[in-house]
Amino acid sequence: MGRPIIGITGELEATRWRDWIREAVVSPVSYTRAVERAGGAPVILPPVPSSSVPSLIARIDALVVASGRDVDPSLYDQAPHEETDAPDHRRDRFEILMIRAAIDADLPLLAISRGMHILNVARGGTLIQHLPDRLGSEIHKPDPVKMTIHDVQISAASKLGRVLGATAQVPAAHHQAIDRLGSGLLNVAWTPDQMVEAVELQGHKFGIGVQWHPEESDDARIFEALVAAAKPAPAPPTATDVTGRSKRPSKRHAARS
């Protein structure tokens, strides 16, 4: 049986190589490496028109919604904060459609950082656009470039808790966070200041969103759990197989007699 196909959302950016400048599909290689190490076959998914979404969902075995720029605040009925990124409307639309289609298909889903935010918005939730306004500090993004390691508490009853345990140290850097949870999402991990660090989709085979960046960590357990959920269940033995297996021991027993 081949490796399950894990789709990873990417974005379109102007990129230069040699004398050429072209729009290119961009995705940090840490995502593809994390999926491959976990036993999956990674495929980067560029933002494409909505008509392609059903075909993509039908041909992948799991979906990773990757990190990136801030989600368009108009999608959760807010005006943009001065610290909020200029939106990528094309990617926002594409990922919302992919998430909703994945949920309808019960396709295993892992949403990372921005991906967790867009999952929340796709379910009708809202975001805190700039955490320092709420917390009075930049504790969740102390360095403008580097990620920092911090502790999270995890619900022991959650799928994530069964994968990682009750606590974890995770790499992260973000200035936004979930405010109001979207429909069907549960808060399953949090920081001491009570910011949402992970969510799970109720009733879904594997629907997890995390605020941190597991692809930047040496801990592969989340990706391994995603790949395991993406693998089809083994087919039950046929009547012929069962009959054949039941006969062979009796022949061996007869020979020994």
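The values are calculated or read from the model by the stated rules, or taken from the named source; none is laboratory data. As the structure is a prediction and not an experimental result, all values here were calculated from the model. Here the Cβ positions follow ideal geometry from the backbone for every residue, glycine too, while neighbour counts run over all protein chains shown. These accessible areas exclude ligands, DNA and RNA; they are computed on the full protein's heavy atoms, side chains included. Shrake-Rupley method; radii C 1.70, N 1.55, O 1.52, S 1.80 Å.
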- Query: Any idea which of (1) within 22 Å of the chain's Cα centre (by Cα); (2) open to solvent by 40 Å² or more (accessible area, probe 1.4 Å); (3) touching a residue at least 40 places away in the same chain (Cβ under 8 Å); (4) on the phi < 0 side of the Ramachandran plot is the one Gly68 doesn't satisfy?
  - Reply: (4)
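Restricting the search to region 211-230, which residues are touching an Asp or Glu at 6+ places or on another chain (Cβ under 8 Å) and more than 10 Å from Pro108 (Cα to Cα)? Walk me through how you get there before you give the answer.
Kept after step one, since they are touching an Asp or Glu at 6+ places or on another chain (Cβ under 8 Å), are these residues of region 211-230: 211-212, 223, 230.
Selection gives Gln211, Trp212, Phe223.
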- Item | The lone exception for His89 - which of (1) at pLDDT 95 or above; (2) exposed (fewer than 14 other Cβ atoms within 10 Å of the Cβ); (3) touching a strand residue (DSSP E or B) at 6+ places or on another chain (Cβ under 6 Å) it fails | (3)
- Task: With the condition kept exactly as written, say whether any residue in region 159-169 is under 24 Å from Thr84 (Cα atoms) and open to solvent by 60 Å² or more (accessible area, probe 1.4 Å).
- Result: no
- Query: Does Leu63 satisfy the condition of being over 13 Å from the mean Cα position of the chain (by Cα), crowded, with 20+ Cβ neighbours inside 10 Å and of a type in the set (A, V, I, L, M, F, W, C)?
  - Reply: no
- Query: Counting residues that are free of Cβ contacts under 8 Å to residues at least 60 places away in the same chain and surrounded by fewer than 19 Cβ atoms within 10 Å (Cβ to Cβ), which strands (runs of 3 or more DSSP E) fully inside region 170-237 reach at least 1?
  - Reply: 185-190
- Item | Those residues of region 92-112 which are outside any helix (DSSP H, G or I) and either open to solvent by 10 Å² or more (accessible area, probe 1.4 Å) or charged (D, E, K, R) (or both), in sequence order | Ala105, Asp106, Leu107
- Task: Being open to solvent by 20 Å² or more (accessible area, probe 1.4 Å) and assigned to a loop (DSSP other than H, G, I, E, B) is the filter here, so list the residues in region 147-158 that pass it.
- Result: Met147, Ser155, Ala156, Ala157
- Query: If Val48 satisfies every condition in (1) touching a Phe, Trp or Tyr at 6+ places or on another chain (Cβ under 6 Å); (2) more than 30 Å from Pro144 (Cβ to Cβ) but one, which is the exception?
  - Reply: (1)
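Considering region 116-146 alone, what residues qualify as being at pLDDT below 90 and either assigned to a loop (DSSP other than H, G, I, E, B) or over 27 Å from Ser74 (Cβ atoms) (or both)?
Within region 116-146, Gly136, Ser137, Glu138, Ile139, His140, Lys141, Pro142, Asp143, Pro144, Val145, Lys146 qualify.
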- For region 3-47, what are the residues that are closer than 23 Å to Pro232 by Cβ, open to solvent by less than 60 Å² (accessible area, probe 1.4 Å) and part of a loop (DSSP other than H, G, I, E, B)? Pro4, Ala38, Gly39, Gly40
